[in-house]
Amino acid sequence: MTPETSRDQPRERLMTLGPGALSDVELVAIHLGTGRRGEGVLALSRSLLAEWGGVGGLARADVDELSRTPGVGAAKACRLVAAFALADRVTPYEGVIVRSSGDVAEVAMRRIGRARSEEVLLFLLDGTNRVRRVSTVATGGATDSVVPVREVLSLALRHDAVALALAHNHPSGAVDPSSEDIAVTDRLRRGCAEVGLRFLDHVVVSGDQWRSVTASR
């Protein structure tokens, strides 16, 4: 194996050339920091990307899975998972104007589209449909037993929201709404009508795909 010289190191290339000049392998290598016995950091990075099918697959891996890879361990796994989580939060959601279900889906796909377990996001909006707050209100699926509809409505009123929307992910990859998705959507819509809130939509996302529960009925 040819030794990696200083000028070939990803960190040095990042400092001199900028991130746009680096490959996926090099960017992952920076977060790993070091390689493993008999293998440099670039080779370890290349192996990880191949094992997970590229950046998209690697981004879906959790700490436990990554840490089981020889030469990675918990510390390196945590750095990788944290890097992808930070990237998902780059877009400032507050202040975004929601003009359609697609706008809700776009934020949800960035926030929970790659999540390995189901998460439910609540969007609270003002009178111009500008996002005031986006928060996780449930995990484990969008069902009547999981989504706290009363608490959702209370949260919306407490933050002076005028409208709200809901989004959750399907880790399976399918975005077709389930009967439970439809049921909780109906319940939330009725609750909004009773307290004077506008209900915009409930969308299901997975990766870069999405579907409106309302439009699917």
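One table, with the values for the structure above:
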| quantity | calculated |
| --- | --- |
| Selected residue [in the same structural domain as Arg133 (by TED's automatic domain parsing), at negative phi and surrounded by 14 or more Cβ atoms within 10 Å (Cβ to Cβ)] from Val96, Val25, Val107 | Val107 |
| Any hit, segment 160-181, residues being in contact with a His (Cβ under 6 Å, 6 or more places away or on another chain) and among the polar types (S, T, N, Q) | no |
| Residue match in segment 170-182 (condition: on the phi > 0 side of the Ramachandran plot and in the same structural domain as Val146 (by TED's automatic domain parsing)) | yes |
| In segment 50-78, the residues that are closer than 12 Å to Val28 by Cβ, in contact (Cβ under 8 Å) with a residue 24 or more places away in the chain and surrounded by 17 or more Cβ atoms within 10 Å (Cβ to Cβ) | Leu58, Ala59, Val72, Lys76 |
| Only listed residue being among the basic types (Lys, Arg) and either within 16 Å of the chain's Cα centre (by Cα) or assigned to a strand (DSSP E or B) (or both), chosen from Arg110, Arg189 | Arg110 |
| Candidate set from segment 193-209 (those that are hydrophobic (A, V, I, L, M, F, W, C) and in a strand (DSSP E or B)); member that is surrounded by the fewest Cβ atoms within 10 Å (Cβ to Cβ) | Phe199 |
| Phe123 vs. criteria closer than 18 Å to Val98 by Cα, of a type outside the set (Gly, Ala, Ser), in a strand (DSSP E or B) and free of Cβ contacts under 8 Å to residues at least 40 places away in the same chain | no |
| Close pairs (7 angstrom Cβ cut-off, 6 or more residues apart or separate chains): at pLDDT below 80 in segment 1-23, assigned to a helix (DSSP H, G or I) anywhere | Glu4/Leu42; Ser6/Glu12 |
| Some residue of segment 113-122 being of a type in the set (D, E, K, R) and farther than 26 Å from Ala61 by Cα | no |
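Yes/no per residue for (1) in contact (Cβ under 8 Å) with a residue 40 or more places away in the chain; (2) closer than 23 Å to Leu197 by Cα; (3) part of a strand (DSSP E or B):
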residue	(1), (2), (3)
Val147	yes, yes, no
Ser154	no, yes, no
Leu157	yes, yes, no
Ala161	no, yes, no
Leu164	yes, yes, yes
His168	yes, yes, yes
Gly173	no, no, no
Glu180	no, yes, no
Val184	yes, yes, no
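The values are calculated or read from the model by the stated rules, or taken from the named source; none is laboratory data. Remember, predicted model here, so these are calculated numbers, not experimental data. Neighbour counts are summed over all protein chains in view; Cβ atoms, including those assigned to glycine, are modelled from backbone coordinates with ideal geometry.
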